[in-house]
Structures are given as structure tokens and as C-alpha cells.
1. Using only alpha carbon pairs under 8 Å that are at least six residues apart, calculate the relative contact order of region B:134-245 and give it in whole percent.
2. Just want the answer: with Cβ charges of +1 for Lys and Arg and -1 for Asp and Glu, which residue in A:PHE128, B:ALA184, A:ALA46 is farthest toward the dipole's positive end in the protein assembly as shown?
3. Once you sort the root eigenvalues of the Cα gyration tensor of the protein assembly as shown as a ≥ b ≥ c, which label holds: rounded (a/c under 1.5), prolate (a/b larger than b/c) or oblate (the other case)?
4. Using θ = phi - 60° and the Karplus curve 6.51 cos²θ - 1.76 cosθ + 1.60, what whole-Hz ³J(HN,Hα) does each residue of region A:177-189 get, with Gly and Pro shown as x?
5. Under the Cβ-under-4.7 Å rule, which cysteines of the protein assembly as shown stay unpaired?
6. Only four residue types carry charge here, +1 at the Cβ of Lys and Arg and -1 at the Cβ of Asp and Glu. Report the dipole size of the protein assembly as shown about the Cα centre in Debye, rounded to the nearest 20.
7. Compute the Cα gyration tensor for region B:129-246, then decide on rounded, prolate or oblate, letting a ≥ b ≥ c be the square roots of its eigenvalues: rounded whenever a/c is under 1.5, prolate when a/b is larger than b/c in the other cases, and oblate in all that remain.
8. Might you report the magnitude of the Cβ-based charge dipole of region B:134-245 about its Cα centre, with Lys and Arg at +1 and Asp and Glu at -1, to the nearest 20 debye?
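The values are calculated or read from the model by the stated rules, or taken from the named source; none is laboratory data. As the structure is a prediction and not an experimental result, all values here were calculated from the model. Glycine gets a Cβ as well: all are built from the backbone with ideal geometry, and neighbour counts include every protein chain shown. SASA here: full protein model, heavy atoms, side chains in, ligands and nucleic acids out. Shrake-Rupley method; radii C 1.70, N 1.55, O 1.52, S 1.80 Å.
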Amino acid sequence: MQEFKAEEILEGLRNRNTEILDFIYDKYFYQIKVFINQNNGTEEDAKDIYQDAILIIYQKIRQNNLTLKCSFNTYLYSVCRLLWLKQLEKRKLKQVFLEESGKFIDLNEDILSIDERNERYKLYQDHFQKLSYNCQKILELFLARIQLKEIAYLLGLKSDLYVKKRKHQCKEKLIASIKNDPRFKEITN
Amino acid sequence: MEKLYQNIEDYLDGNLPDENLNDLINLKKNNDLVNREIQLRKEVNLAIQDSGMMDLREKLEMQHKRHVSNYSFIHISRDLVKSWHLAAASFSLILVVGGLWYILSNKPYSTEKLVTKYYKPAHPILQVRSVDFNSDDALKEAFNYYRQNDYINALKYFNSLENQITARFYSGICYIELEKFSKAIEAFEYVINDKDNLFVEQADWYLGLIYLMNNQKSNAITQFEKISTSKSYYAKQAVDILKYLK
């Protein structure tokens, strides 16, 4: 397996490079899985925690808010560990002594707030991706500040007024479907 | 409520008229529900613009699925070898090899079938022409010919618009219809490299299909793998095609 330096891993994550993602998975996922399994978690939990951790690290890299003071492995393990502790607490299974499967560092609270925001984003994006192709495109183009006339032209719609009406319908459909999702109550409470 | 939501949306878009703006700001200050509604809609807007997160999440999901299927395959194989069902496994192997032989020996036919199944020329835009675009007469002419399947004349007009993205995209389709695949590839690559336009997903899709038409199997696999791991409208169809190709 080709090895990558920490800087290359971070840069690859910033670009969502598949080769780097595969490298991280092949090299580090097993350790995370062992840790979760040893501490009351399932295979599915391990997958979720690992993916959430990668998304958090990605967010931090994008915000230029990540300077590694340890190896990437230790950092990833520490993020997963923190997320799993939070999950155990939620499930009222918190244990004082965790079975460790790697080295870890203490992380500050911003990891958890990024995770909460990611969870909300996931909910919104899941419902956005369930909208029709045209609805998704209208909202994307509208939010990209493309002129209504131009959107009408691109999507072959009748007029700019019609685009505005469709945009409104699509957005309301999206909001209603988000609010009807049981996760919405959990997240907003 | 409907009116309030409309006002909130206009407010977030920066289009709320002054006479309603003050009312909404006051409501926002004094009414927690309204404030939360505004925050929700604002955050939803941010989330749906974050294509990077959506893309990464999909890549991670695909990666996990790939891993799980590889893992299961290895385990099933081990169990089969270990068990006394070796004979049954051998029989399965014969079936698989036979199937592979059948697929490989019928490759051109399968590719042709795939193309027939998945290729359709893109619908022309501007189907409804109530909007006046004086500056785009050439495009209108091009689409008139395109609708009549007169791709040679359509091309003359599309090509007169040089680097206009819509024209480049549809010129690609015309070239496919005229079986000038290298020209079609050039047109779609232009659209894809431009990145910031509405036709990228479609151009990616057609590029994959051209590789199929042209018997460039490895290029086709790479292209459909790219589509299948993206959030493209064509991702599912790309997965289906890959099943045939691999």
C-alpha cells in the first residue's frame, strides 16, 4: 500500500480525493472498529462514527482550523473516541473506563458542535436530494444568484415569474419534508 | 402562515420590500418561533449549497459498500472452500465461468444493447418560447433544426456560437448522431472542464456512452465509475452499466 504523509492526507481530504479516502479507510478503519466493538458498539456504529469523524475533519480543514500536533491516526482515533463517548452518553451506557485500541489526545468542544451541525446538514441534504431533479436545479441556481430569466432559459421554463413560483413551491416542499422527518424533532430539541 | 413564509424567503433572498422588512425584523426579535423559522431556512440554504459535504458523504458511503461487498465475498469463498459443499462450489464456478465466457464472447452485442438501452439524444431546451431572447437567434435556429433531427444544419448554428456552453453541449449530441465521436468528445470535455454550468452531469453521461459506442471499454468504465460515485442524476444508471461492463 502506498504511504502518505500527514500533509498529503489533509490535502487529499480537502479535495475529497478517492485515493486518500481509500488509504485512510484501509489503514485506520479497523482500529476504530475494534474500539467501537470493544465498547458496546456494532459494525454499523463503527461505520457511522468513522464517517462522522472524517466529515468533521474535512470541515475543520476547509475552515483552515486544523493543525495536527500528533499523527493523523491519533487525531482520527481521538475524534472517533469523543464521538463514541457522546453516543454512549446518549444511550446512557457511558463507562468510566473505555477499552482503548489506540493512542488519543484531548480535543476541544468544537468537534461536538461541528458534529451537531453536520447532523443537521445531513438531514437537510437528504431531503434536498429526494426532490425532483428540476427542483434541485432551480434551488441551486437560485441560491447561486443566477438571474431568474437565465434560470428560465437554462431549464426551459415559461418565464421568470414561473421560476419564482416553482422556486417557492420547491423550497416549501423541502422545508415541509424536513419538518416531517422524526430526526428533525430530535435535532431541534 | 403562507404569507409569513413567503416574507421570510424574500427576506433571506434580499428581496423583501421595505414596508414588510421592519415588521419581519420586529417579529424576529420578539417571536422565538419566527426567529427559529428564519434560522432553519437560512441553514437549509447553506446546507444545500454545500456540495462538498454531499459529495464526501456519498464517497464515504460508496467506499463502505465496496468494502462490505468485498469482505462478504472473501468470507463466503472461504466458507465454501472449507465446507463439504466443495462440489456445489465447483458447479457454481462452472456456471460463473460459463457466464463470463458468454458475456465476453458476446461483448460487442452487449455493448450495442447497452447503448440502445441508455442513449437518447438530449431534449432541446427552449421548448416553451414565451421568453424573448433577441441575442440568441442562432440558438433558436439551431434548436429548430435539432428538433427536426437535421443535425448537420443544427451544427452550423451551434458552431457559430463557438464557446457558448449550451451550444457546445448540443453540438456534442449532434456529433454523436453523425457518429463523429472525437468531435463529440471534444465538445463534452469543453462543457465538463467549464464546470460551472448546468450541463456537466449530462456531458459526463454522454461521454461515457460515446466510449461505449466507440468500444473504448476501459475509458467507459472509468467514466461510469466517476458518475456512479458522484451525486449525478445518472449515478444509478451508471452503476447498472458497470454491472454489465465488469
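1. Details: 127 pairs, mean separation 16.2, N = 112.
Relative contact order comes out at 14 percent.
2. Towards the positive end, the residue furthest out is A:ALA46.
3. On the way: a/c = 2.23, a/b = 1.10, b/c = 2.02.
Note, shape of the protein assembly as shown comes out oblate.
4. Once rounded to whole Hz, the list reads 5, 5, 5, 7, 6, x, 5, 4, 5, 4, 6, 7, 7.
5. Cysteines lacking a close Cβ partner in the protein assembly as shown: A:CYS70, A:CYS80, B:CYS174.
6. Numbers: 63 positive and 60 negative charges, 199 e Å.
Dipole about the Cα centre, nearest 20: 960 debye.
7. Working: a/c = 2.39, a/b = 1.79, b/c = 1.33.
Taking the square roots of the gyration eigenvalues as a ≥ b ≥ c, region B:129-246 is prolate.
8. Values: 12 positive and 15 negative charges, 73 e Å.
For region B:134-245, the charge dipole is close to 340 debye.
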